[in-house]
Amino acid sequence: MSDHPNSLPPTLMALTHAREVAYWIVLLLGWLWLGEQGMHLGWSWASGVLAVALWWSVRLFCRGSAWALGCAPWVMGLLGLFTALGAFGLKSQIAQPWAHGTLLCLAVVWGLWIALIETRSQVSTFQLGPLAWHPVLAAGLLALGLLWPAEELLTHLMVLFLLALCVGVLYAHEHLAASGTTACRGQRAGLETLLAPSAMGLMMGTLWLGNAWCASLSWSNEQMVGAHLALMAGLPTLTALLTHGAKSWQASPTAQTCVSLSLIVVGALMLLGNSAFHGVLAMLLPSLAWAVHCSRQRIPLGPAHRRSPWLTRSFALLLGPVLLVWVGAASPTQGPWAMQSALALMGVLAAGQLVFLGWRKQGLHLAFSAT
């Protein structure tokens, strides 16, 4: 996303806000609904997380690509329409042997759709105003749709209604927006900015495994979904609100990155404890790192710090979808240890990045002093 909102005509401002809400609904539904369907289908390998991992992979691979930047507006509507139709048709095929293949095809289309949405966004949710209310509203609508209905059919209809509504809003904004799109800077980001999204993605992707900290806390499915919605949608909004008035904090994106990495390290250390308190912190601290990552101020990278888009994508795929598939495949035999080891790896990498950033800052300081 771009770092600052473009000058939008007043008539498009309301549609821009609606678009951000629709984007968060599509994103959160991808994490929650695809994983739930994989669990219901009872896929024997990778514990049902394969659809989420495939959706995540396509999203990372296509986001910011030349195709996503150059395609026509009707492609946005078509992909959204295929996603809604795929979700509608999956319900009638749930007992068929090819149902899981249908789910994987749906995950690919959904991944293309969300990659296109993220690439062509002209504003950042956290730059639209002093309060980033869009993810909170999206999470509230999803909570009503996924948690409130008592019947499974009604829940499915609510999901289809929300998807259809998002298709209309996103296509309308894409069709009516007059300004051109801007490239995502995420392609040139360093490893330090990939760890927080990867850690958060692992927690969202393994929601339905049911053998990590949520199981040890004896939470119901509704409580787990509500907690994950609050962590992914509520924490970034709260963090952005708390830091909005701190000008010195906002002026130091490097400090925000270091805080995000430190939270991942401390969260990994919480895995050494066996109490419920340690389990909650092991989930909360990486989520808080993700919240700081979302609300941070972005700065252009110099030529010396830029990485190849293919190298960055490779890191993102390895630390995200590939690691998620490994956790899903190992969980039936290894139990919570699979997820704990993945978060421990995140902690080690975050600690290494903190050391590297400190060494680089010291080297720059010495070079400046010498001149």
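Values in this text are rule-based calculations from the coordinates and carry no lab data. In this text the structure is predicted, and so the values were computed from the model without any measurement. So basically every Cβ, Gly included, is an ideal-geometry build from the backbone, and we count neighbours across all protein chains shown.
Any chance you could run the full-extension gain for H40 through Q127? It's 0.36 nm times the residue separation minus the Cα-Cα distance, nm to one decimal. Mind showing how you got there, number by number?
On the way: separation 87, 0.36 × 87 = 31.32 nm, distance 3.83 nm.
Going from the current span to full extension adds 27.5 nm.
Mind ranking 98-107, 269-278 by how tightly packed they are, going by the mean number of other C-beta atoms within 10 angstrom, highest first?
In descending order of packing, they fall as 98-107, 269-278.
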Exercise. Under the classification rounded if a/c is under 1.5, otherwise prolate if a/b is larger than b/c and oblate if not, where does region 8-113 fall, given a ≥ b ≥ c as square roots of the Cα gyration tensor eigenvalues?
Worked result: prolate
Problem set entry | Additional length obtainable on full extension of the chain from L147 to E222, 0.36 nm per residue less Cα span | 26.4 nm
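Take the Cβ-Cβ distance between C105 and V348 as r, set R0 to 45 Å, and report the resulting FRET efficiency rounded to the nearest 0.05.
Efficiency computed from Cβ-Cβ geometry: 0.80.
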Problem set entry | Rounded FRET efficiency, nearest 0.05, which uses the C-beta distance separating S262 from L154 and R0 of 51 Å | 0.70
Exercise. For V280 and I94 in one chain, what is 0.36 nm times their gap in residues minus the Cα-Cα distance, to one decimal in nm?
Worked result: 63.5 nm
Problem set entry | Ordering of 163-176, 315-328 by burial proxy (mean other Cβ atoms within 10 Å per residue, highest first) | 315-328, 163-176
